1. Restricting attention to region 93-128, which residues are outside any helix (DSSP H, G or I) and more than 24 Å from residue 60 (Cβ to Cβ)?
2. Note down all Cβ pairs under 9 Å where the first residue falls in region 253-264 and is closer than 17 Å to residue 192 by Cβ, the second is in a loop (DSSP other than H, G, I, E, B) and open to solvent by 60 Å² or more (accessible area, probe 1.4 Å), and they're at least six residues apart or on different chains.
3. Suppose the filter is farther than 17 Å from residue 271 by Cα and either open to solvent by 10 Å² or more (accessible area, probe 1.4 Å) or modelled with pLDDT of 95 or more (or both); does residue 210 pass it?
4. Please enumerate the residues belonging to region 54-68 that are farther than 11 Å from residue 8 by Cα and within 11 Å of the ligand (Cβ to nearest atom).
5. Take the residues in region 173-194 that are in contact with a helix residue (DSSP H, G or I) (Cβ under 7 Å, 6 or more places away or on another chain) and open to solvent by 10 Å² or more (accessible area, probe 1.4 Å), then tell me which one is nearest to residue 235 (Cα to Cα).
6. Any residue in region 72-101 that's within 8 Å of the ligand (Cβ to nearest atom): show its pairings with residues that are of a type in the set (Val, Ile, Thr) at Cβ separation under 6 Å, as long as the two are six or more apart or on different chains.
7. Could you grab me the full set of residues in region 196-207 that are open to solvent by less than 10 Å² (accessible area, probe 1.4 Å) and farther than 27 Å from residue 33 by Cβ?
8. Looking at 236, 261, can you tell me which residue is open to solvent by 40 Å² or more (accessible area, probe 1.4 Å) and under 30 Å from residue 134 (Cβ atoms)?
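The values are calculated or read from the model by the stated rules, or taken from the named source; none is laboratory data. Small disclaimer: the values here were computed from a predicted structure and weren't measured. In this analysis, Cβ positions are derived from the backbone assuming ideal geometry, glycine residues included, and neighbour counts consider all displayed protein chains. When the accessible area is computed, the model is the full protein with side chains, heavy atoms only, and any ligands, DNA or RNA have been set aside. Shrake-Rupley method; radii C 1.70, N 1.55, O 1.52, S 1.80 Å.
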Amino acid sequence: MAERKVIAVVGATGAQGGGLARAIAADPEGGFAARAITRNVNSDAAKALAKLGVEVVAGDVDDAASLARAFEGAHGAYCVTFFWAHFSPEKELAEAGAMARAAKSSGVRHAIWSTLEDTRRWVPLADDRMPTLMGRYKVPHFDAKGEADRLFTEAGVPTTFLLTSFYWDNLIHFGMGPKPGRDGVLEFTLPTGDAKMPGIAAEDIGRCAYGIFKGGATHLGKTVGIAGEHLSGAEMAAALARELGREVRHNAVSPAQFRAMGFPGAEDLGNMYQFYRDFERDFRAARDPAVARALNPALQSFAQWLAANRDRIALS
Ligand SMILES: NC(=O)c1ccc[n+]([C@@H]2O[C@H](COP(=O)([O-])OP(=O)(O)OC[C@H]3O[C@@H](n4cnc5c(N)ncnc54)[C@H](OP(=O)(O)O)[C@@H]3O)[C@@H](O)[C@H]2O)c1
């Protein structure tokens, strides 16, 4: 068999990178091999990948030398940053720059940069429809990713820019499961009014990324947006009610009310939901589920994802 092309995967013990590492491992005849990068090769998540036959190597995106070693000899690199680990857009920019430089110096032929829109292209800082945060951002965890696109281009790295979508897994891990309202009826809070929001099973992001690596040159220099389905808050609440067999209503708070909730990141997320709502057409147009399905024929709908995960959704 011809030598397999190594894909170095940042975040391989997490959601996006994990989906990619598992997709590559599940296709041993596909011509690719995953190399999982982790800060702790002895964690349970790292060991689970090793058990699937994935090469696991030590690396930290904050340590340039370790990153260069981890990318060495790789055909491809999956590059993602971890905003919610530190809440710093400046750190995301620094980490994206470090990955771009490592990809360039190790001769990576195809990088995927997991990005999002720089919302300041739609809402300049002077626009007071939503507050400016951290001095120079509207949606910090989006804007820094979008701003970082040019770091890959300027470094001369052959790159596909992957626009991801809201993970439905946020209903499990991110405190977004429906919660009982004052009358005990479950409420699903989504401050997007009647707008439909692109969403995706987190595992499908990595599967789509694998499709992009398999497609190779056709995706270089392109921006590819993915989603499993576009749904309004009311539609998501109705799907939850069908799956859970009990009433679930959409709690349509305003973005301003969401920003005022006071938990870390609430203002950033409130602005994000306002962006989804106010720029629905552009945001959805960039994420066609048909594009995602062509890359990943196993793409899940929200109903399929709910059926597989109903017992994991936090209801309190
Ligand atoms: N939640 C959503 O709806 C959503 C939607 C679109 C985009 N995003 C974006 O997705 C990004 C996070 O991706 P994810 O959800 O796949 O992450 P995740 O599940 O939180 O996993 C992150 C993994 O990355 C590794 N990691 C963290 N810091 C690292 C470092 N300094 N060097 C090397 N590895 C490091 C950790 O692995 P080890 O501990 O093994 O090193 C961890 O397992 C965020 O920037 C977020 O904005 C989220």
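1. Step one: filter region 93-128 for residues outside any helix (DSSP H, G or I), giving 106-118, 122-128.
Listed by number, the residues that qualify are 117, 118, 122, 123, 124, 125, 126, 127, 128.
2. Final answer for the pair search is 253/261.
3. Values: farther than 17 Å from residue 271 by Cα: yes; either open to solvent by 10 Å² or more (accessible area, probe 1.4 Å) or modelled with pLDDT of 95 or more (or both): yes.
Criteria met by residue 210.
4. Step one: of region 54-68, the residues farther than 11 Å from residue 8 by Cα are 58, 60-66.
Residues satisfying the conditions are 58, 60, 61, 62, 63, 66.
5. Quick first cut of region 173-194, residues in contact with a helix residue (DSSP H, G or I) (Cβ under 7 Å, 6 or more places away or on another chain) only: 176-178, 188, 190-193.
When the remaining residues are screened for being open to solvent by 10 Å² or more (accessible area, probe 1.4 Å), the result is 176, 193.
Details: 176: 15, 193: 11 Å.
In this case the residue turns out to be 193.
6. What qualifies is 80/10; 92/81; 95/61; 95/81.
7. So in region 196-207, the residues open to solvent by less than 10 Å² (accessible area, probe 1.4 Å) come out as 197-202, 204-206.
Within region 196-207, 197, 198, 199 qualify.
8. Values: 236 fails: open to solvent by 40 Å² or more (accessible area, probe 1.4 Å).
Result: 261 is the single residue among 236, 261 that is open to solvent by 40 Å² or more (accessible area, probe 1.4 Å) and under 30 Å from residue 134 (Cβ atoms).
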